[in-house]
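Below is one structure, written out as structure tokens, with a few remarks after it.
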Amino acid sequence: MSVIEFRDVHLALGGRPVLSGVDLNVGAREFVGVLGPNGAGKTTLMRAVLGLVPPSRGAIRVLGRPAARGNPAVGYMPQLRGAIASMRLSGWDFVAGVVDGHRLGLPFLGKAARAEVDRALDLVGARDLARRPLTETSGGERQRLLLAQALIGHPRLLLLDEPLISLDPHHQRAVVELARSLQGELGITVLFSAHELNPLLGALDRVLYLGRSQAALGTVDEVITGPVLSRLYGSAIDVVRVNGRIFVMSGHHDAERDDHRHDAPDGRCGSSGAHAHHA
Amino acid sequence: MLDYDFMRTAFAAAGVVAVVSGAVGYFLVLRGQTFAGHALAHVGFTGATGAFLVGVAPLWGLVLTTVAAGVGMGLMGERLAQRDVAIGLVLSLALGFGLLFLHFYTAFATQATALLFGNVLAVETGTVWTLAALGAVSLAALAAISRPLLFASVQPELAEAKGVSLRLYSVLFLAIVALATAECAQIVGVLLVFSLMVGPAATAQRVTSGVGTGILLSVALALAEAWIGIALAFFTDWPSSFWITALSAGAYLLAALPRPAWPRQASLLSHQALDQPAPSLTPRKR
Ligand SMILES: Nc1ncnc2c1ncn2[C@@H]1O[C@H](COP(=O)(O)OP(=O)(O)OP(=O)(O)O)[C@@H](O)[C@H]1O
Ligand SMILES: [Mg+2]
């Protein structure tokens, strides 16, 4: 049975098309990297799987049922927002707020619910940092707490939206490895969106590449090719492989990086790939 | 001091209001909507002065306009509820209208001062019961929605995905804030609502990072600040609102002062915990 199934899906936001006529199938226990330039629709696609963006045409099925809000079997880590960093709340309470959070009543947790919070924190190795208030955590530590939140409720499908944003290469690798090992350990399906392909290369089963309202899903060798990406970018794209790393080049520029440069915080992202421009 | 009827009434009224403000204020600060709470109080001023004009008790004018404005703000959604300029404009417009109503009804200049700055020593015995009833309603409503409200506050996108309606809880919460604001204005006046709604909650969140402890501490602080403020007003003959604002600001400053010794101890403890053998999946005592 496929975990995510898109049939001729059209998605639009504010009247503007984001996806047009996309068909795809993601199976159980797959680790899929979701890639594409800024505004390609990675976040929108995940929100559609969650039932937050209804398709204007076509149908989305998740775990055999039509996509709908409130599916406990789907975990979600939203693209990181600044507001969390200023919350004077401990990491533990931040994660605990998610347990049965849709039910009315007082936010006090029973024994089983507390054990579930601890389990999620243990899975991401955040038990100790969860004692600190969020205001005293780093970006990478907050990512781990967000991941713990997504794991609450024993999801069978995990949607991780840009977990690598604002992390240095070392922490990027740690987060990818963590997500990959969780996927294997729990036997779940993971959609992992990212700005860049290379940090994900070792972990991926397949790539879902978005661009110009189109989508391509397949192995790295099937999707990361000049013809496929040229179609998705709408311009001539060359794929260059150097020492096991892959660069998507538009003319003499690294297309992935150029597209994302503007939202890379304090230029950290730019350093490691600078050589690509002269490749 | 407790021999006087008006003092007993004042303590009772302030006690009720402090408990409500402390609890509601905790969520207000957590959600970063303190300015919205401030604005609601100002809108209430228009309602109260309008109530004078038509000969209704100002408390009902307050309740009616703050709740209407709270629901309106909630319906307009996050976009407006957190936009400072729009709120600021509504706030000053409301005060302007309040002034206009006063202009038509000049006999109530002292009432205006009481509305703006509060006068807890003049609260009537009957009003205490009204405050207690309103307070019970807001606390019961807050208790009923507190779990999804917390979820929607700390992680809105995930809450939405899990089926929590952000707008519904935003509206309900702002209606509760509006009720609390109207109550609070009886004690410290519309201009100083911040001192009981926001001060204790913000102080509590500086001191503790747990939700349960935070709410309890916020309530305890609000209660202490209100009661000590009234006692000090009794002995000094200075306005009680002055004392409450002073205590509220003082407590926050104390909590905000850097404490170099504390975090070091905490991190030492967590290192010891790290040295222990592999973590198990059994629940940790909190
Ligand atoms: N609320 C909205 N109303 C109208 N258009 C929107 C809205 N939100 C996003 N869009 C548009 O929808 C498109 C897809 O946005 P989306 O956030 O899904 O992209 P993304 O691939 O996640 O981008 P990023 O890499 O920047 O996170 C973009 O062109 C964006 O401008
Ligand atoms: Mg996105």
Quiz prompt | Between the stretch B:184-255 and the stretch A:48-122, the Cα center-to-center distance that results, in Å | solution = 34
Quiz item: Given H placed 1.01 Å from N in the peptide plane, which residues other than close sequence neighbours of A:Val239 have an amide H under 5 Å from its amide H?
Solution: A:Gly226, A:Met249
Quiz item: Amide H to amide H, which residues 5 or more places from A:Leu89 or on other chains are under 5 Å from it, using H placed in the peptide plane?
Solution: A:Leu134, A:Thr135
Exercise. Determine the share of the protein assembly as shown's accessible area contributed by carbon and sulfur atoms, expressed in whole percent, with a 1.4 angstrom probe.
Key: 62
Quiz item: Helix-derived [θ] at 222 nm for the protein assembly as shown: sum -39500 (n - 2.57) over DSSP H runs of at least 4, divide by residue count, nearest 500?
Solution: -17500 deg cm²/dmol
Self-check item: Under-5 Å amide H pairs with A:Gly75, H placed in peptide plane, nonlocal only
Solution: A:Arg156, A:Leu157, A:Leu158, A:Leu159
Practice problem: Give, to the nearest whole percent, the P(r) tail of chain A beyond 28 angstrom, counting all Cα pairs. | Solution: 37
Exercise. Using 0.36 nm per residue of separation minus the Cα-Cα distance, give me the extension gain between B:Leu168 and B:Arg8 in nm, one decimal.
Key: 53.7 nm
Exercise. Please report the buried accessible area for the interface of B with A, total over both chains, probe 1.4 Å, in Å² to the nearest 100.
Key: 3800
Exercise. Work out how far the C-alpha atoms of the stretch B:1-76 reach from end to end along every principal axis, then list the three figures in whole Å, largest first.
Key: 49, 37, 13
Quiz item: Binned at 10 Å from 0, what are the whole-percent values of the Cα-Cα distance distribution for the stretch B:88-199, short to long?
Solution: 12, 32, 32, 17, 6, 0
Quiz item: For the protein assembly as shown, what is the largest minus smallest coordinate of the Cα atoms on each principal axis, given in angstrom and ordered from greatest to least?
Solution: 85, 56, 45
Quiz prompt | A:Ile246-A:Leu13 pseudo-label distance in nm [points 7 Å out on the Cα-to-Cβ vector] | solution = 2.5
Self-check item: Dimensionless Rg ratio for the stretch A:84-153, taking C-alpha atoms and the 2.2 N^0.38 Å reference
Solution: 1.02
Self-check item: Contact order normalised by residue count of chain B, Cα under 8 Å, 6+ apart, percent
Solution: 29
Quiz item: Residue by residue through the stretch B:200-208, which ³J(HN,Hα) values in whole Hz follow from phi under the Karplus form 6.51 cos²θ - 1.76 cosθ + 1.60 (θ = phi - 60°), with glycine and proline marked x?
Solution: x, 5, 5, 4, 4, 6, 6, 8, 10
Quiz prompt | Potential lengthening between A:Arg69 and A:Glu185 on full extension [0.36 nm per residue; Cα-Cα distance subtracted] | solution = 39.1 nm
Quiz item: At what distance in angstrom do the alpha carbon centres of the stretch A:173-236 and the stretch B:106-162 lie from each other?
Solution: 50
Practice problem: Kindly provide the trypsin sites (Lys or Arg not before Pro) of the stretch B:1-97 that DSSP labels as loop, not H, G, I, E or B, and whose Cβ sees at most 15 other Cβ atoms within 10 Å. | Solution: B:Arg83
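The values are calculated or read from the model by the stated rules, or taken from the named source; none is laboratory data. Being a predicted model, the structure only gives us computed values, none of them experimental. Counting neighbours? That spans all protein chains shown, and the Cβs are built from the backbone with ideal geometry, glycine included. These accessible areas exclude ligands, DNA and RNA; they are computed on the full protein's heavy atoms, side chains included. Shrake-Rupley method; radii C 1.70, N 1.55, O 1.52, S 1.80 Å.
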